[in-house]
Every structure is written in structure tokens, then in C-alpha cells.
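**Q** Quick one: structure below, then a few questions.
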């Protein structure tokens, strides 16, 4: 490939004026933010111009590809089996990955999953895994490959060599008001996922109070953009649209979510969490060619849970990644909070739960010390929510709304107040919004 | 004043979403780009958002004021007399300042003029003055004041202590596609002029082929914005709109323009240059209260030229600023080019000049080595254009189109080709566009 000498300002001006950038210009940008040919102060001007003018599907696909190739791209072609991953745009109580990855591996897929940490009100898969004593998430690529080959799944953090352009661009977007931009979000997510060496991908795009995207239309636009980028890169991508107004499942935090995930693998998971997990895992099995259709996928997943093979995969992953596998049978080895505090419906409460505000629940976890306001913050794995009441369930005075796992009374009091704000009642049974609202293929 | 702690990203997001910034936010920005609280990569994102969303007149006035106060503001209140300056948005052959400042001083004004250097196809007043042997433009404020008091005018470069926010912002705008933005241009110009300690200001806003603003509407918008900022700051500002399709006068370069300026002060200037200069100087005299109206101003200016007092002010300025005053009577002490090259109308030429493209003439000066592509380039003061033909003048084969002052044959050939492209003919006398098209007060 030739190396044309571009001036960053020419590229900025073209986008500023509403034009489309060329493949070479976009490549110069993605490389340039890493090697310094595109200065930070020029990158942010371009990011704001992209925020304003948008990007065509072709530009978005080029940007994704260029960002992916800004660092190491893992090649898993020599590993037998279909490599399929899942990515969620994040939410409160979303522990789907911890259930889905072992379940999909038990059904015959290879799941090479690189995840992130929590920030703000949304939790992160890596933080949840680290609640398991000894569990290592920062593995290098050779170890990642070896575990993937042996166990069928591996769940790690992004290595510094993968998609450096995204790390750089994200850090700039975060402080320049250019985060909420569909083509940039799309390229950020897809470049990281495609760098994993996957054959295909299932996306869980959340919308609602507890999600990054508040509006369904925005989630739909993002889902379509990511599916299109997958197509452009020759990788089938399906995107599910999932409502995230109340937390997923009845637990949120780290220890509490690990427990709920293992319960799911034992066949005792809450209905909403299982619905989302089985839909996403099912799509992975179909995309990976392990199941001919969703009905067959559902049978395979039911069998993998019933015969214990999904739980066994979770155990094997723990062993391979240094975590204590006894966690599966003994939750007391997880970090445990000093106190449990039951939040109960007040005198006069009656009728049904009409709302469990996911954002406020996320803030309650932050209040307990289980969240991260800045990337450098440490999280307290022991604290969190369990036994959370769900929309549509009946209430009376004294009905338990949730159990708070707390390490500090003052924090507990703040969290309790947030939970009381989050949960609202209505005299009559409220209509239930469907959880899964669309599938873009 | 309180010092509220702002986050740059909140300010960026408000502007990104089309909101108006507060006085405190704008002040934080102007101070922050200088002291580092507003990082460069955040400043450029905000600049692009301003490019997109614009600024209200109130925001523009606040930005101008905050930029002005980012450094030293010269206080000339103790100097007797009205302090009035002029600023031009720049053009090819625009040597008005060299004539206007001594003329206005001869009529009784104090003219505290801080000017810039040339860049690209437009020349700069400082470069032209430096063609005069010994002339010093980088004076400190005490010397500037002393000369202003003694001579009535001083023409210097901006000191590093004046409006540091503009220097920083301009250097960022220049490389991020955010130059052509009316509120930012307005704040940049006006903050520098108001920091001079003036009582009032006349602006010459150019539009056309050789100007920064190509379209009259844009020039009008900028003119109105600057007049409004002056009003907001309590300083009367008048803005004249001047067409700049062909160069102003018959000379362009440095030595050639100094000669033409002195000729004007001797009463032998070309009609178009004198028209613009007398209009602008006249407005200064009226604004400064030295003349009751334009008719009176014209009489005073005619007298100052006829009795030699304007020329004498030029001579005194040279003495005060280290320049050789003999230049007024002996042009041979200016840097002189090795060769003169007459560009003549070709065989078959007939009719009248319909166009003398100012931009191409500017490029011809660049080709000769008399311009500056980058701020660090050195200019050759000796080269340039003289005897330039004007729109509407008759042509026949052999008619002189201009005289090139050259130091290098190859460069001369390139410049000649550009002049031949610049000058176009028409069989019939073309309609003459008025030079001065509007006055905003």
C-alpha cells in the first residue's frame, strides 16, 4: 500500500464540511492517533466534526477496520471449531457473559471473550470474575489461546497490544463530549471484537433507564451500524435489542452476581436473566453452526444445564485462569460483606411494583463502594444487591424489596434511600414490557 | 470574582448541543487555554463545536473581553488626545496602514497600531516596515508609549504579553479547520485591538478574490459582529466593507509598497488606494472627534498631504523606530531587486482589462520569494510587483501589465506566468464595481 502524506487539517475540513473521508484518510487517522502524526488536538477536532456530520456505513466500516489493525489482531484460524463471541453495551445486573460463555462452550463453541471493567453505574465482567479468589483476567495472547483451545472459553481483559487506537480515541472522547456518537461507538466496539479473531458475533444492545442508550431508536441505529460493519468485514453479526429499565436478574454487584450466575448454570436462574442469556447463547450456537435453528439450540442448552456440562465449563475456566473452582459449590469463599440489610416496603405499600429504576440501583451499588467513578478506583467486590424485587410482583407493608450486602452503615443508609427511590408501586398489575424487542441480522 | 471549578467537557457538551455558554465558562476557557486547565485537545473540540453551533453576540463579546484580559492590556488613558486605530482583514497590495497612520497623526490623532506579519498570499504591515533599513517593529510597551506620545503614532508588532489566549487559540485553529468562523475571527481581531488601549476603531473588512472572506455576506456578518463587540466593550467601532478582487494600488511586495505609500503621502498615490485610505482615515478623524464630519475630515487630510505634515509624521516615525528617514527622499536605500522584468500584453491583446485576480497576484509574490508559506519563513523585501495595470484600463499588444522586481530568473518566470493568468481582457469597457460598498456603524 502506498503511504500518502495527508495533512490532518485537510481531513478535518472535509468532514467539517459534511464530506465523506476516503479509506486512506481514515487509515491515516487511526494510525496517526497512535503514532502521533495526528495530534491529539487535531483528533478531537475531527471527532467533534464526526459527532456533527456523522459517518457513512462505508466510512464506519473503514474506521473499524483501521482501528482494529492499529494493533495486534489475534489469529485463531488454526483452532478447530467456530469462534463466536457476545458483546453487551452494558447495564445494571448484566452478568450474562458469566453464564453464556461456559454454556456456549459446553455446546461446542469456542468463546474467545475480551471484556472490560465497570465504570459509573454499569458493572464490568472483569470485575465480577475477580470476585473469585485467584481469578486472573490479564493473560497474554499465548495463554489466552491455550486456555481457549483446552477449555473452549477464556475470559480476559483487553491486552495493551490490541486496538491501541481505540484506547487513545476513547480517552480523548471521554473528555471532549464526543462519546455519544453512533459511528464512533460502533467502531470502538466492533474493532475490539473483530481483533479477537472471531468468526461471528452476537450483540446485546440495551436501551432504557439503566443503559448507555436511553432511547430504543438510538439502540436500533447502533445495532444496525454494527451489523453492517460485521457484514463489511465478512463476519456475520446479529444484534438483539434488550430493554434495560430494571436490573437484569435479582442481583447486582460482584459476589452477588457471581452467585446468581452459578445458580443459573445450575438451572435455578431468574426468568428474565435466563430469557436474555438463552436467546443470546442460542443465536451464537446458530451463527456458529452448532445448532441448525433456535429450537435445536434451546434443547442443547437445556441439556448442557441439566447434565452439568455448562457448570463444569465454568469450573474448568476457573482452574485454567487461576480461580478457586470450589466457588461453584461453596459461595462462602467469595468476598463476603459484613452485614446484610433488608430493605422492606413501607407501611401503606400495596399493589404491585411498577418500576425498579436500573440507574438508581446502579447508583446504590456506587454508594456501597461497589462501583467505580474513575478508572483508577478500586471496587469492593463484597457489596451489592440481592433478592431484588421485579416489576409486576405484588407488595404489601414489609415485603422485601432487596437485600443489601454492606460493609459500612453510612453507605448502607445511602444505598437504602436510593433503592427506596428506585422502586415504585401501582395499585393494579402493570403491563409488562417485553424484554427482548428486536433482532437485527 | 469567584473561581468556579468547571469541567471543560461540560462546557464542550453544552456548546455541542447548541446551548449558549455563560460569562464564567467563557472566561474559564480563555484563561484555561493559557494556563493549561483547558487542555489543547479539549480546546479544539470546543472550537469545532463553536464552528458548528456559532456564538451569540453576547458570547462573542464575552469571549473577546476574556481573551483581551488573558494578558497585558495597555492603558493609554493618561496620554492626551483621542487614541484611534484601524484594522484591515488583509488583502493583496493593502498598504493603507503606512499612509493612514502618519496622515491621521498629522491631523491630530494618536494612532497606537499593533500589526501582524504576512502569511500566505496576503502581506503584513510589519514586513513592509522592515523593508526600511533599521526599522524596528518589536518594541516593548514603554517605548511604544513614549513614541506614541512624542510622534503621535507608533507601528509595532504584538508583544508576547498581549492576548496570549489569541496566540494559543489561533495556532490551534490553524491546524484544526476552525479558522473560518465569524465569532472566533471577531474575538481574535477585537481582543488584540482593544488591548491596545484605543478609544475607538475603524475596521476595513475586505471581501473578494484576494481577501480572507470571499463573499460579501460573510464580510458583512463579520463587520456587524465586530461593531457589536465594540459597542459591548464601550468602544465605538465603524466597519467599512471594501472589495478586494484586484490588488489595492499598483504595487505589491515590500519595497514596492513602501515606495507607493510614500508617493501617496506626497500626493501622488493611485486613485483606488487613496479612495480607501482617505475614507478610513476620515472615519478615524470623525470617531476621534478631530473632525466634525467627513467633509471637514477630507479638507484636513488634503491639507496634511499638501503641506507635507503627513509625510513629516512618516519621517518622524522612522527616526523614532530606528528606520532610516532618508527613505522618504531616496528610494534607492530600500532593498533593491537585481532585475526588473516587464510583463507585456501578448500579440492579439485588445480591449480592456476585465480582471486582475488579486489571489494570483499574491501567489506571484510568493513565487518571487516575497511571501511566507510558514510563519518561520524569511521574506525577500526587494521582490514584488509595481506598475500593475487596473481593471478598466485599455490594452493593446505590448501594453505593460506590470513590472516584476525579481532576484531569480526561474522565480521570475513562474511569477510572470501567474500574472498572465491573473490579468484578463474583454473587448468592451467593463462595468466598474464600487470599491467601498458599505459602512457599518
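Throughout, read-outs are computed from the coordinates displayed, never taken from laboratory work. Note that the structure is predicted; figures quoted are calculated from it, not measured. Using ideal geometry, Cβ is built from the backbone for each residue, glycine included, and neighbour counts are taken over all protein chains shown.
**Q** For labels at residue A:429 and residue B:424 in the simple 7 Å Cα→Cβ model, what's the distance in nm?
**A** Computed distance between label sites residue A:429 and residue B:424 equals 8.0 nm.
**Q** Can you give me the angle between helix B:409-422 and the longest principal axis of chain B, using Cα atoms only, in degrees from 0 to 90, rounded to the nearest 10?
**A** With rounding to tens, the tilt is 80 degrees.
**Q** In whole angstrom, how far apart do the alpha carbon centroids of region B:255-334 and region A:1-42 sit?
**A** The two parts, judged by their Cα centres, are 48 Å apart.
**Q** Take the eigenvalues of the Cα gyration tensor for chain B, scale each by 5, and report the square roots as semi-axes in whole Å, largest first.
**A** Values: eigenvalues 261, 134, 85 Å².
Output for chain B: semi-axes of 36, 26, 21 Å.
**Q** Give me the inter-chain shielding for B:175-185: mean count of other chain Cβ atoms within 10 Å, whole number please.
**A** The per-residue average across the peptide is 4.
**Q** Mind jotting down a quarter of the surface of the convex hull over the alpha carbons of region B:109-206, in square nanometres, one decimal?
**A** Numbers: hull surface 28.9 nm².
Across all orientations, region B:109-206 yields a mean hull projection of 7.2 nm².
**Q** In nm, to one decimal, how far is the modelled label at residue B:376 from the one at residue A:409, with both set 7 Å along Cα→Cβ?
**A** Once both label points are built, they end up 6.7 nm from each other.
**Q** In what order do A:332, A:309 fall by count of nearby beta-carbon atoms within 10 Å, going from fewest to most? Spell out each step's value before the answer.
**A** On the way: A:332 7, A:309 16.
Listing A:332, A:309 from fewest to most nearby Cβ atoms yields A:332, A:309.
**Q** Can you give me the three principal axis dimensions of region B:84-331 from its C-alpha atoms, in Å, biggest first?
**A** Cα extents, longest axis first: 47, 37, 35 Å.
**Q** While we're on this one: Once the Cα gyration tensor of region A:312-441 is found, what semi-axes does its equivalent ellipsoid get, as square roots of 5 times the eigenvalues, in whole Å, sorted largest first?
**A** Each semi-axis is the square root of five times an eigenvalue, giving 30, 21, 16 Å.
**Q** Along Cα-to-Cβ, 7 Å out, sits the label point; list in nm, shortest first, how far the one on residue B:306 is from those in the other copies.
**A** Counterpart label points of residue B:306 in the remaining copies fall at 11.5 nm.
**Q** To the nearest 0.05, what FRET efficiency results for residue A:266 and residue B:180 with a Förster distance of 56 Å applied to their C-beta separation?
**A** Numbers: r = 65 Å, r/R0 = 1.16.
Once rounded, the FRET efficiency stands at 0.30.
**Q** List residues of region A:112-142, by number, whose backbone nitrogen lies under 12 Å from a label position 7 Å along Cα→C-beta of residue A:326.
**A** A:133
**Q** For chain B, modelled as a Gaussian network with Cα springs under 10 Å, which listed residue fluctuates most, B:52, B:238, B:62?
**A** Maximum fluctuation in the GNM of chain B, among the listed residues, is at B:52.
**Q** For residue A:329, place a label point 7 Å out from Cα along the Cα→Cβ vector, do the same in each other copy, and report the separations in nm, one decimal, smallest first.
**A** For residue A:329, the inter-copy label distances come out at 11.3 nm.
**Q** Among B:338, B:235, B:95, which one shows the highest mean-square fluctuation when chain B is modelled as a Gaussian network with alpha-carbon springs under 10 Å?
**A** Its mean-square fluctuation being the largest, the pick is B:338.
**Q** Find every distance from the label point of residue A:58 to the corresponding label point in the other copies (7 Å from Cα along Cα→Cβ) and write them in nm, one decimal, shortest first.
**A** 4.5
**Q** Give the order of A:428, B:441 when sorted by the count of other beta carbons within 10 angstrom, beginning with the fewest.
**A** Fewest to most other Cβ atoms nearby, the residues stand as A:428, B:441.
**Q** Whole Å is fine, so just give me how far the alpha carbon centre of region B:144-175 lies from that of region B:214-243.
**A** So the two Cα centres are separated by 20 Å.
**Q** Now for a separate question. Using alpha carbons only, how many degrees (0 to 90, rounded to 10) separate the axis of helix B:182-194 from the longest principal axis of chain B?
**A** The angle comes out near 90 degrees.
**Q** Now for a separate question. Taking the 0 to 90 degree range and rounding to the nearest ten, how far is the long axis of helix A:23-35 tilted relative to the main principal axis of chain A, both from C-alpha atoms?
**A** Around 70 degrees separate the two axes.
**Q** Counting only other chains, and only Cβ atoms inside 10 Å, what mean value do you get across the residues of A:163-173?
**A** 1
**Q** Among A:112, A:335, A:430, which one shows the highest mean-square fluctuation when chain A is modelled as a Gaussian network with alpha-carbon springs under 10 Å?
**A** Evaluated over chain A, the most mobile residue of the options is A:430.
**Q** While we're on this one: Calculate the tail of P(r) for region A:172-249: the fraction of all Cα-Cα distances greater than 16 Å, expressed in %. Kindly include the intermediate steps, with their values, before the conclusion.
**A** Details: 1547 of 3003 pairs.
The proportion of pairs with Cα distances above 16 Å equals 52 percent.
**Q** FRET efficiency for residue B:37 and residue B:171, Cβ-Cβ distance as r, R0 = 22 Å, nearest 0.05?
**A** 0.80
**Q** How far apart, in nm, are two points set 7 Å out from the Cα along the Cα-to-Cβ line at residue A:436 and at residue A:22?
**A** Those two pseudo-labels are separated by 4.5 nm.
**Q** Along each of the three principal axes of the Cα atoms of the protein assembly as shown, give the extent in whole Å, ordering the values from largest to smallest.
**A** 109, 62, 44
**Q** Go ahead and run the numbers for FRET between residue A:347 and residue A:146, Cβ-Cβ distance against an R0 of 56 Å, rounding to 0.05.
**A** Values: r = 59 Å, r/R0 = 1.05.
Efficiency, from the Cβ-Cβ distance: 0.45.
**Q** Scan chain A for the residue whose Cβ is closest to the axis carrying it onto chain B, then write down that distance in whole angstrom.
**A** Taking the axis that maps A onto B, the answer comes out as A:48, 2.
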